[in-house]
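Notes follow the structure.
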Amino acid sequence: MSFTTRFAPSPTGSLHLGHAFSALLAHDMARAEGGTFLLRIEDIDRQRSKPEWEAQIYDDLRWLGVDWDGPVMRQSDRLPAYEAALDALWQRDLLFPCTCTRRDIIAAASAPQEGGDPVFGPDGVVYPGTCRTPKREPFSMQSRPSGVALRLNMRLAVMAASEAVTDTPEGVRSIVRFVETGRGPNGETGVIETDSRWLETRVGDVVLSRRDFPGSYHLSVVLDDAAQGITHVVRGADLFDATRIHVVLQRLLGVPRPIYHHHRLIRDAAGKRLAKRDDARAIALFRRDGASPNDIRRIVGLPLR
Ligand code: GLU
Ligand code: ZN
């Protein structure tokens with residue numbers, strides 16, 4: 001299998017050391033394998049994505065010595081693919097419309113009958129199921145609604161995506177798997193299994209179509225990795241649990257599953273994870289202060305070029 005990987009930044013701020021590490025690592029791995037390194041601009045957040053940030057990403061990457069192969073994919077050009085996948089999932093009754101606001105969700109998830117405290121999973125507060133309908137039978141052939149969020153019915157989704165089952169004292173659970181060649185946040189590596197109970201209780205009914213855009217991070221990333229022929233996903237360990245969601249979607253959508261390589265996160269001096277707003281770590285600032293690309297490699301702990 002030839003090695004094809006990618007770097008997929010969102011143009012919502014400057015690239016910082018964490019992005020540089022991710023891009024350099026994926027790029028170096030592709031070059032070492034004689035493979036392909038692709039670039040994708042994840043600009044589904046139309047409010048926060050800005051052409052200036054996109055231009056700066058290209059500039060910073062070139063400066064770092066990260067050269068990409070072929071044309072850049074932009075998620076804002078991918079709507080027809082997202083629409084088609086949403087239609088297919090809708091026809092299978094795996095999606096339901098949701099009109100809840102963030103406040104509604106927190107209020108419902110904090111209700112005493114829900115245990116009082118909202119559960120936080122890799123996708124934020126676990127959706128308490130407010131708008132989930134048992135079955136839309138009479139309306140199944142209705143066309144997919146627009147202008148509302150569409151959520152995945154996780155219980156039905158995992159059943160449909162199941163690769164194996166395991167018998168536990170609490171009942172039979174479905175399992176999905178992926179191969180990890182790096183490490184998750186707790187050192188997880190090798191064949192990673194996720195069971196239906198974890199997905200239902202820790203992730204829940206994730207949004208696959210946003211109110212303002214026919215797609216969502218999870219849906220787009222899975223479809224785009226497939227469309228770009230990605231064989232190896234190299235990205236931060238903060239996305240390790242999101243991968244558990246992505247493998248469910250890959251099964252549902254019938255697309256190939258890449259191998260995953262989650263890498264350590266670059267932290268600041270205080271050990272805190274870098275966020276986009278930590279401008280002090282912006283590559284643009286290092287450049288302005290006269291740093292070289294090898295200085296960046298040294299700081300993030302990669303071999304020099
Ligand atoms: N666009 C995501 C980010 O900037 C990365 C997504 C991915 O690598 O799957 O955090
Ligand atoms: Zn809802």
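The values are calculated or read from the model by the stated rules, or taken from the named source; none is laboratory data. This is a predicted model, so every value here is computed, not measured. Every residue, glycine among them, receives a Cβ derived from its backbone with ideal geometry; neighbour counts consider all protein chains shown. Heavy atoms of the whole protein, side chains included, go into the accessibility calculation; ligands, DNA and RNA do not. Shrake-Rupley method; radii C 1.70, N 1.55, O 1.52, S 1.80 Å.
For every other residue with a beta carbon closer than 11 angstrom to the beta carbon of F178, add +1 if it is Lys or Arg and -1 if Asp or Glu, then tell me the sum.
0
For region 65-179, with the dipole built from +1 on Lys and Arg beta-carbon atoms and -1 on Asp and Glu ones, taken about the Cα centre, which of G65, V125, P169 lies farthest toward the positive end?
It is V125, whose Cα lies furthest towards the positive end.
Based on the alpha-carbon gyration tensor of region 137-261 and its eigenvalue square roots a ≥ b ≥ c, which shape applies: rounded if a/c is under 1.5, prolate if not and a/b is larger than b/c, or oblate?
It comes out oblate by the Cα gyration axes.
Counting only residues 5 or more places away or on other chains, whose amide H sits under 5 Å from the amide H of F3 once H atoms are built in the peptide plane?
Residues meeting the amide H criterion: T36.
Would you work out which of S216, V148, L15 lies farthest towards the positive end of the dipole of the chain? Charges go on Cβ: Lys and Arg +1, Asp and Glu -1.
About the Cα centre, the residue reaching furthest to the positive side is L15.
Which residues' amide hydrogens lie under 5 Å from the amide hydrogen of L265, considering only partners 5 or more residues apart or on another chain, with H built in the peptide plane?
A237
Positive end of the dipole of the chain, charges at C-beta (+1 Lys, Arg; -1 Asp, Glu), about the Cα centre: which of A84, I192, L39 has its Cα farthest in that direction?
Among A84, I192, L39, the one farthest towards the positive end of the dipole of the chain is L39.
Where in region 1-100 are there trypsin sites (Lys or Arg not before Pro) that are in a DSSP coil and have at most 15 other Cβ atoms within 10 angstrom of their Cβ?
R46, R48, R92
Given H placed 1.01 Å from N in the peptide plane, which residues other than close sequence neighbours of S209 have an amide H under 5 Å from its amide H?
Those qualifying (amide H under 5 Å, at least 5 residues apart or on another chain) are L150.
Cysteines of the chain lacking any other cysteine beta carbon under 4.7 Å?
When partners are defined as cysteine Cβ atoms under 4.7 Å apart, the chain leaves C100 without one.
What does the charge count around S76 come to, taking other residues whose C-beta lies under 9 Å from its C-beta (Lys +1, Arg +1, Asp -1, Glu -1)?
Around S76, the surrounding residues sum to +1.
Under the rule a/c < 1.5 gives rounded, and otherwise a/b versus b/c splits prolate from oblate, where does the chain land using the Cα gyration tensor?
It is prolate, given that a/c is not under 1.5 and a/b is the larger ratio.
Rounded to the nearest whole Å², what accessible area per residue is found for the chain with the 1.4 Å probe?
47
State the extension gain, in nm to one decimal, for the chain segment bounded by T189 and D167, taking 0.36 nm per residue of separation less the distance between their alpha-carbons.
Using 0.36 nm per residue and subtracting the Cα-Cα distance, I get 5.6 nm.
Quick one: dipole size for the chain, taken about the Cα centre, charges +1 on Lys/Arg Cβ and -1 on Asp/Glu Cβ, in debye to the nearest 20.
Its charge dipole is roughly 320 debye.
Quick check on region 1-146: take the gyration tensor over C-alpha atoms, sort the square-rooted eigenvalues as a ≥ b ≥ c, and tell me if it's rounded (a/c under 1.5), prolate or oblate.
It comes out prolate by the Cα gyration axes.
With all protein chains present, how much of the accessible area of the chain (probe radius 1.4 Å) comes from carbon and sulfur, to the nearest whole percent?
52
What are the ³J(HN,Hα) values, in whole Hz, obtained from phi via the Karplus relation 6.51 cos²θ - 1.76 cosθ + 1.60 with θ = phi - 60°, for each residue of region 290-305 in sequence order, with x given for Gly and Pro?
Values per residue, Gly and Pro as x: x, 5, 9, x, 5, 4, 5, 4, 5, 4, 8, x, 10, x, 6, 10 Hz.
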